Amino acid sequence: MDENLRLGRLFGVRIGINWSVLIIFALIVAGLAAGRFPLVAPDRSTTAHLLAGLVAALLFFGSLLAHELSHALVAQRNGIDVEGITLWMLGGVAKLEGEAATPGAELRIAGVGPLVSLVLGLLFGLLWWVSGGLLGDGLTREVLQWLAIINVVLAVFNLAPAAPLDGGRILRALLWWRRGDRTSAAVTASRAGRLFGFLLVALGVAELLLVPGFGGLWLVLIGFFIANAAAAEGSYAQVQAGLSGLRVADVMTPSPLVLPQHLNVEQAVDVYLLPNRFSSFPVVSPEGRPLGLVTLQRIKQVPREQWPVTSIQRVATPLEEVPIATPFEPLLEVLRRVRQGGESRVLVVHDGQVVGIVSPTDIARVLDRAPLRSRPSA
Ligand SMILES: [Zn+2]
């Protein structure tokens, strides 16, 4: 769920939305203004129902934001950078740029979200209760009641012990603390997440079959999302375990074939690309300074007749868009810098010279061998 619109910053944390959030916003407003509110306040105008629906939806997303913001702020306090918060169709996501160093930190970061939702739920409930004497049974009280319920539901749902939900993170933290092994904890939490996801899908399908309307569709959607995300978290944990302790130099393909910047595409293909098995080539200056990275993919995009007149440097991905690393950096830290959708190969540079490339193939090879490297610890 990418960020489509940036709203600004709150407590230094970037807040954005994905367009899909508008769907759920519209559904909430419509559901309340055309469904629930006319039933409980038939004497009020349609405009009043609509207005109340808008206020309720806005406060709901405000509550969601408070939940995610609490994750982000506690993460920051525990030394983890936060890329930002994105609200989307199925809720909010606080994107953290790193992971908790201890089970305790993980527990605090995960636990604070449901706690905030619960407190908000109780607060709205209190307002609803207090306003009873003042407002009678009006629209405002209906909004307060709905907000109280939805926040408590949010807290309870998020506490389900299934990754990627907060409850899954809490489960992971507790297992990590008990077993002393982060990876096995993450794998268990991910299994629980997949199970929970499929359970929701099954419930959703049952609802679709037994209850008129399309309410079950949401459960199916959320269930698939959770099962998918849980599976991804499980494989990510295994990748992390396989790569931890490795440095860039351990996995890189060393001394890659470099292309001098003065070549045109045809020369590069004939002299360098065809006789070799590599699929990416750094382009370098006469002094050997890296200028960019050429891949077979990018060359294929140049029309054949343009090859003799196109400089190889023009075809290369510019250096600013290529992830750069030094040979002695921890591999996992470098991989965090590789952006999704961007250049996936990492250029390894030492003393201003290209000394290696880390490609997805290199990573796959290391992961393939990871079980052979690990020995039972004493
Ligand atoms: Zn949360």
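The values are calculated or read from the model by the stated rules, or taken from the named source; none is laboratory data. Remember, predicted model here, so these are calculated numbers, not experimental data. When we count neighbours, we look across all protein chains shown, and the Cβ atoms used for this are built from the backbone with ideal geometry, even at glycine.
In this structure, is residue 59 within 24 Å of the chain's Cα centre (by Cα) and either at negative phi or surrounded by 19 or more Cβ atoms within 10 Å (Cβ to Cβ) (or both)? For residue 59, the condition - within 24 Å of the chain's Cα centre (by Cα) and either at negative phi or surrounded by 19 or more Cβ atoms within 10 Å (Cβ to Cβ) (or both) - is not met.
Of all residues in the range 345-357, none are modelled with pLDDT under 90 and either surrounded by 15 or more Cβ atoms within 10 Å (Cβ to Cβ) or basic (Lys, Arg) (or both).
Of the residues that sit in the range 96-113 and are aliphatic (A, V, I, L, M) and either out of contact with any His (no Cβ under 7 Å at 6 or more places or on another chain) or outside the structural domain of residue 20 (by TED's automatic domain parsing) (or both), which one is farthest from the ligand (Cβ to nearest atom)? Taking the candidates together, the pick is 101.
Any idea how many residues of the range 298-345 are outside any loop (DSSP other than H, G, I, E, B) and not hydroxyl-bearing (Ser, Thr, Tyr)? The qualifying residues number 27.
Of the residues making up the range 212-235, those that are closer than 30 Å to residue 348 by Cβ and loosely packed, with under 15 Cβ neighbours inside 10 Å are 232, 235. Scanning the range 174-198 for residues that are touching a residue at least 24 places away in the same chain (Cβ under 8 Å) and under 30 Å from residue 217 (Cα atoms) turns up 186, 187, 189, 190, 191, 192, 193, 194, 195, 196, 197, 198.
Restricting 360, 323, 303, 327 to residues that are closer than 30 Å to residue 238 by Cα and more than 25 Å from the chain's Cα centre (by Cα) narrows the list to 327.
Summed over the range 232-261, the residues that are outside any strand (DSSP E or B) and over 18 Å from residue 326 (Cβ atoms) give a count of 14.
When residue 50 is tested against the conditions (1) closer than 28 Å to residue 127 by Cα; (2) touching a helix residue (DSSP H, G or I) at 6+ places or on another chain (Cβ under 8 Å); (3) within 16 Å of the ligand (Cβ to nearest atom), the lone failure is (3). Just checking, does the range 300-314 include any residue being at pLDDT 90 or above and closer than 28 Å to residue 243 by Cα? Taking every residue of the range 300-314 in turn, none turns out to be at pLDDT 90 or above and closer than 28 Å to residue 243 by Cα.
Checked against the criterion of being in the same structural domain as residue 138 (by TED's automatic domain parsing) and within 14 Å of the ligand (Cβ to nearest atom), the candidates 93, 21 yield just one match: 93. Restricting attention to the range 272-288, the residues that are within 11 Å of residue 312 (Cβ to Cβ) and without any contact (Cβ under 8 Å) to a residue 24 or more places away in the chain add up to 1. Residue 258 falls short on exactly one of the conditions (1) under 20 Å from the mean Cα position of the chain (by Cα); (2) within 30 Å of residue 304 (Cβ to Cβ), and that condition is (1). The sole residue among 29, 116 that is modelled with pLDDT under 95, surrounded by 16 or more Cβ atoms within 10 Å (Cβ to Cβ) and in the same structural domain as residue 153 (by TED's automatic domain parsing) is 29.
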